[in-house]
1. Output the number of the condition that Gly105 fails; it satisfies all remaining conditions of (1) crowded, with 16+ Cβ neighbours inside 10 Å; (2) more than 23 Å from Pro24 (Cα to Cα).
2. Ser62 versus (1) farther than 17 Å from Gly279 by Cα; (2) free of Cβ contacts under 8 Å to residues at least 24 places away in the same chain: which is the lone unmet condition?
3. For residues that are more than 13 Å from Val49 (Cβ to Cβ) and of a type in the set (Gly, Ala, Ser), scanning just segment 204-237, find the one that is surrounded by the most Cβ atoms within 10 Å (Cβ to Cβ).
4. Report yes if some residue within segment 56-67 is modelled with pLDDT under 95 and surrounded by 19 or more Cβ atoms within 10 Å (Cβ to Cβ); otherwise report no.
5. Any residue that is closer than 29 Å to Tyr193 by Cβ, touching a helix residue (DSSP H, G or I) at 6+ places or on another chain (Cβ under 7 Å) and surrounded by 15 or more Cβ atoms within 10 Å (Cβ to Cβ) - is there at least one of those in segment 1-15?
6. Output yes when any residue across segment 211-218 is part of a loop (DSSP other than H, G, I, E, B) and either modelled with pLDDT of 85 or more or over 15 Å from the mean Cα position of the chain (by Cα) (or both), and no when none is.
7. Residues of segment 135-192 being of a type in the set (Asp, Glu) and over 21 Å from the mean Cα position of the chain (by Cα), which ones?
8. Could you figure out which of (1) over 14 Å from Leu280 (Cβ atoms); (2) in a helix (DSSP H, G or I) isn't true of Lys124?
Amino acid sequence: MKKQSELSGWLIGLSAFLLWGFGPVYFKAVEHVSALEILAHRVAWTIPVTLILMLLIKKRISFLDILKNHRVFTGLLISSLLISVNWFIFTWAVTHDQILATSLGYFINPIMSIVMGVVILGEKLDKFQWTAVGFVILGVFNQIINYGEVPWIALSLATSFAIYGFIKKKLQVDSLNGFLVETTIALPFALSYIIWSLVENNALFLHSGSSTDLLLIAGGIVTAVPLILFATAAKRIPLSGMGFLQFIAPSISFILATQVYDESLSFAQLLSFVCIWIGLGLYLVKPIRAQFKNKGK
């Protein structure tokens, strides 16, 4: 029974990261809409979709309990801002032919989490982890040297998501209820922007055909479904397993960018990716060792 549960967990987790990996396809379909309008609708439609899915899986809604907990609510207020910024940058990047930059960002993200552990928690790194951090830094500096600018999209995505994950871990609130509260915090701003843009005739929603309307509404499904799949999988498979799966999404984005959407990949860019891939390989040494040790017991 336990093996069946773990197998289903792997399949559910794989589904979540596949959906995240193919996410740029959705955002390309709505690239004629401004990133801010996409973000507003993504927030607005995610809440009803999340509520429906939570009811379907019989997940207890703890909204009021969270509101009463000042520490948790304050943390979710900060995480709501972080995830909104993350979503906006990702949306802007994809709709401006920068999918490669988003891929780079989510490859960097695990290493950024390691750095945060050192800086904030005073964690000690082994030689593989230090070398992994070194290769990622080398990859970033390669971008700066060859292009004369900091890869702000990749670093912003990696940093915002790493801090977001750190806060959520420390709050110890279940991911679905936490996510519901986060999006509800952002809802007044999202609705205000939607109403303002409709009044000012700046909105494409309700003014650009039913296909655009349906796509913007579908943003709620695109956002909520993979998250709920991820939350379900996280309970059934080891944390190290989720660590391996997380590289599926940026890998798919990398393939989409270069093979489907014809984003140019220069040798200098490829060199940065190679440095970061080497870093990720070294980063995975520790969890792989732990996995084998656990199997040997």
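The values are calculated or read from the model by the stated rules, or taken from the named source; none is laboratory data. These figures come from a predicted structure and were not determined experimentally. When we count neighbours, we look across all protein chains shown, and the Cβ atoms used for this are built from the backbone with ideal geometry, even at glycine.
1. (2)
2. Failed condition: (2).
3. Per the stated criteria, the residue is Ala233.
4. Scanning segment 56-67 turns up at least one residue that is modelled with pLDDT under 95 and surrounded by 19 or more Cβ atoms within 10 Å (Cβ to Cβ).
5. no
6. no
7. Of segment 135-192, the ones of a type in the set (Asp, Glu) are 149, 174, 182.
Glu149, the sole residue that qualifies.
8. Evaluating Lys124 over (1) over 14 Å from Leu280 (Cβ atoms); (2) in a helix (DSSP H, G or I) leaves (2) as the failure.
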